[in-house]
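**Q** Got a structure here, written out as structure tokens. Questions coming.
The values are calculated or read from the model by the stated rules, or taken from the named source; none is laboratory data. Nothing here was measured: the structure is a model prediction, and the numbers come from that model. Cβ placement follows ideal geometry from the backbone for every residue including glycine, while neighbour counts extend to all protein chains displayed.
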Amino acid sequence: MGTDRWAYQSRLRRVDPLPKLILSLTALVVCLCCGSGAVGLATAAAMGVLITALGGLPPRVYLHFLKIPMAFLAVGCATMLVHSYPAGTPVLAALPVGGRLWGFDGAALAAAAALFFRALGAVGAMYFLALNTPVTDLTMCLGRLHVPRLLVELMELIYRFIFVLSETAGSIRTAQASRLGYQGLRRSLSSLGTMASLVFLRAWRRADRIYAALESRGYAGSLTTLPGDYAPGRGLYPLALAVAAGQLAVLFAERGVLG
Amino acid sequence: MNPAIETRELCYTYEDGTAALDHVSLKAERGRITGILGANGAGKSTLFLNLNGVLTPQSGEVLLDGAPVRRDRKGLAELRRRVGIVFQDPDDQLFSADVYRDISFGAVNLGLPEAEVRRRVEAAMERTGVAHLRDKPTHALSFGQKKRAAIAGVLVMEPEVLILDEPTAGLDPQGVSGLLALLEQLRDGLNMAILLATHDMDLVPLCCDDAYLLGGGRVLAAGTPEELFRQPGLLRENHLRLPRIAHLMDILHDKDGLDAGPAATIGAARREILRLLKEEER
């Protein structure tokens, strides 16, 4: 949970999650709708500035997080980039295979680059949310937006108990490894299977105890809680507008330059 | 004055036929810490779930402040407000990844106005010393911190009776001292009735004012801790033992023929030994 750890340290941590969500979504939607690489690049840059300036994230960390989806983007864009052309077509780079040219021309390169930067911009917009908002605040906010309560409560419980379960799994694994349970493929697979079934059983028993604990605190069908005090963060609304305006300005500038 | 909580002839049998509680009658007074001693499987946890209405006894009754508890929806809600349980494993109790929100849960369930919920959450965090953890996710807390957060989540309901199941299990020695100080503060400051299950015998003379010995689902002995320590045979039969200090004083008395009286804490033993030394001088 790399992003969550930074979200708890963000200076925007105590800001109401709703404006953060809205800023992220506006930037995301505008970036996707413009369909332009320049806008995507501008969005990623703008989000980087906001995350580092407002949230206090070190720029190095933001760049690191941007690198993570790079591999997916590169693979996805490569398939957009490469086409097959009839022999004799003017191309930028290509290999002749069986009488046809496999490679790309200027238009394909432009299209692939646009897609790549658009996706990068979208990722940047989502990072503004993920790097400034802990998951619990986000689910709380979804509840306020009338997402069904059952769904929200499930998300919250799953998020909480991922850590408990992974701790359980980790300690079982250590116990197995300390008795040579992971030497060789056969033994590893058998140990892994035992661990999975044990984790399941323990989760099952724990569920009973959690239910008893909830009941003893007056649980009556809903996990309603009160969040800590939020700063209103109304300043983020005009900021969201400004970002959208900037994105559109980049779009028009690009159209103007290209004629 | 009526005891804060009392059980009369409480019986509880699990679905598979094991009798977990067999005519248990006990009481816990306000402003006192009552220890429930017993080995694993003696019925401590079942007793506590009965006291708080999570389990319903087959026969017998639970009385709060002298009045029998009704088992309808309103009666149960009332019971859960007035009797809070802190479970042994805080990971079973903390269901939210946000410390503040988890603590607020019980108070929200009472239907209190927001300002009152916030006041209680702040007060509970202050009392248990977890106020500085409010910005941390639950999974980043240490075991001792989780325990304190779990206690805060119960205190927020402002119960009259606080039940703790093996509260010191898994805590380091300083964590144990901190917890004892907190319990004493709750007992003396808020005049709470505190029930705690333990098989850590060295803890008993330090914090318990009264004690019950539970075995096989029955109350085998009751009294002050000192009275229970006079029956070392009974304790041993139930997989318990005397506190180390009490054992030492016992040996000094029985094997070494010293005229040492019983003492279970360091302070009491020190007084006793000094008294013996002074007599020797004379």
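**Q** Are there any pairs with C-beta distances below 8 angstrom linking a residue in region A:57-70 that is assigned by TED's automatic domain parsing to the domain that holds A:Val123 to a residue that is in a loop (DSSP other than H, G, I, E, B), with the two at least 6 apart or on different chains, and if so which?
**A** A:Leu57/A:Ser10; A:Leu57/A:Leu131; A:Tyr62/A:Leu131; A:Phe65/A:Leu131
**Q** Report the residue count in region A:74-86 for those that are over 16 Å from A:Leu115 (Cα atoms) and loosely packed, with under 10 Cβ neighbours inside 10 Å.
**A** Looking only at that region, the number is 1.
**Q** Against the condition in the same structural domain as B:Gly217 (by TED's automatic domain parsing), at pLDDT below 90, crowded, with 21+ Cβ neighbours inside 10 Å and touching a Gly at 6+ places or on another chain (Cβ under 9 Å), how does B:Ala20 come out, does it pass?
**A** Against the criterion (in the same structural domain as B:Gly217 (by TED's automatic domain parsing), at pLDDT below 90, crowded, with 21+ Cβ neighbours inside 10 Å and touching a Gly at 6+ places or on another chain (Cβ under 9 Å)), B:Ala20 qualifies.
**Q** Search region B:68-83 for residues being farther than 17 Å from B:Ala107 by Cα and surrounded by fewer than 16 Cβ atoms within 10 Å (Cβ to Cβ), and hand back the single one that is nearest to the other protein chains (Cβ to nearest Cβ). Break it down into steps so the answer makes sense when it comes.
**A** Kept after step one, since they are farther than 17 Å from B:Ala107 by Cα, are these residues of region B:68-83: B:68-73, B:75.
Within this subset, residues satisfying the condition of being surrounded by fewer than 16 Cβ atoms within 10 Å (Cβ to Cβ) are B:68, B:70-73, B:75.
On the way: B:Pro68: 20, B:Arg70: 16, B:Arg71: 14, B:Asp72: 14, B:Arg73: 9, B:Gly75: 13 Å.
Once the filter is applied, the top-ranked residue is B:Arg73.
**Q** B:Asp92: of a type outside the set (A, V, I, L, M) and more than 9 Å from every other protein chain (Cβ to nearest Cβ), yes or no?
**A** no
**Q** Just need a number here: residues in region B:43-67 that are buried (at least 23 other Cβ atoms within 10 Å of the Cβ) and of a type in the set (Asp, Glu).
**A** Counting residues in region B:43-67 that are buried (at least 23 other Cβ atoms within 10 Å of the Cβ) and of a type in the set (Asp, Glu) gives 0.
**Q** Which ranges mark the strands (runs of 3 or more DSSP E) fully within region B:144-226 that have 1 or more residues being within 14 Å of another protein chain (Cβ to nearest Cβ) and crowded, with 24+ Cβ neighbours inside 10 Å?
**A** B:161-165, B:193-198
**Q** Related question: Just need a number here: residues in region A:67-84 that are over 15 Å from A:Gly124 (Cβ atoms) and part of a loop (DSSP other than H, G, I, E, B).
**A** Here is the first cut: in region A:67-84, the ones over 15 Å from A:Gly124 (Cβ atoms) are A:71, A:74-84.
Next, from what is left, pick out any that are part of a loop (DSSP other than H, G, I, E, B): A:82.
Here the count works out to 1.
**Q** Cβ-Cβ below 6 Å, separation at least six or inter-chain, first residue in region A:230-259 and farther than 17 Å from A:Ala114 by Cα, second among the hydroxyl-bearing types (Ser, Thr, Tyr): which pairs?
**A** Correct list of pairs: A:Ala240/A:Thr26; A:Ala244/A:Thr26.
**Q** Sticking with this one: Within the group A:Ala53, A:Ala114, which residue is part of a helix (DSSP H, G or I) and touching a residue at least 40 places away in the same chain (Cβ under 8 Å)?
**A** Being part of a helix (DSSP H, G or I) and touching a residue at least 40 places away in the same chain (Cβ under 8 Å) holds for just one of A:Ala53, A:Ala114, which is A:Ala114.
**Q** Another question about this same structure. Does A:Thr224 fit the bill of being within 14 Å of chain B (Cβ to nearest Cβ), in a helix (DSSP H, G or I) and of a type in the set (Ser, Thr, Tyr)? Give the derivation first.
**A** Values: within 14 Å of chain B (Cβ to nearest Cβ): yes; in a helix (DSSP H, G or I): no; of a type in the set (Ser, Thr, Tyr): yes.
Criteria not met by A:Thr224.
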